[in-house]
Amino acid sequence: MLRIIIWLVLLFIIGRIVWRFMYALFEGAGMLKQGREPAAVKLVRDPVCGVFVVPGKALTAGSGSSTQYFCSEKCREEWRRR
């Protein structure tokens, strides 16, 4: 009985390995349909150091159409001093 359980576990593990290998192979070949593409995010340029940043994660100064985006507090403070 113990041999049967060991064989079943071994077959399960081998089957799982083969399944994951085949899935990765088909996914890499582009044969599997993926979900929709991630939405593109427009990057903005830090006016002080020139680094491109994601607006949702950047520090800001100003408001409305005159909003400036910064990569760090240091850049924002330098811009305010100008």
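Computed quantities for the displayed model
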quantity	calculated
Those residues of the range 2-36 which are among the small types (Gly, Ala, Ser) and either surrounded by 10 or more Cβ atoms within 10 Å (Cβ to Cβ) or not in a helix (DSSP H, G or I) (or both), in sequence order	Gly15, Ala24, Ala29, Gly30, Gly35
Selection count, the range 44-82, where residues are free of Cβ contacts under 8 Å to residues at least 12 places away in the same chain, part of a loop (DSSP other than H, G, I, E, B) and surrounded by 12 or more Cβ atoms within 10 Å (Cβ to Cβ)	1
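We did not get these values from a lab; they are worked out from the coordinates using the rules stated. None of these values were measured; they are calculated from a predicted model. All Cβ positions, even for glycine, are placed from backbone atoms using ideal geometry, and neighbour counts span all protein chains on display.
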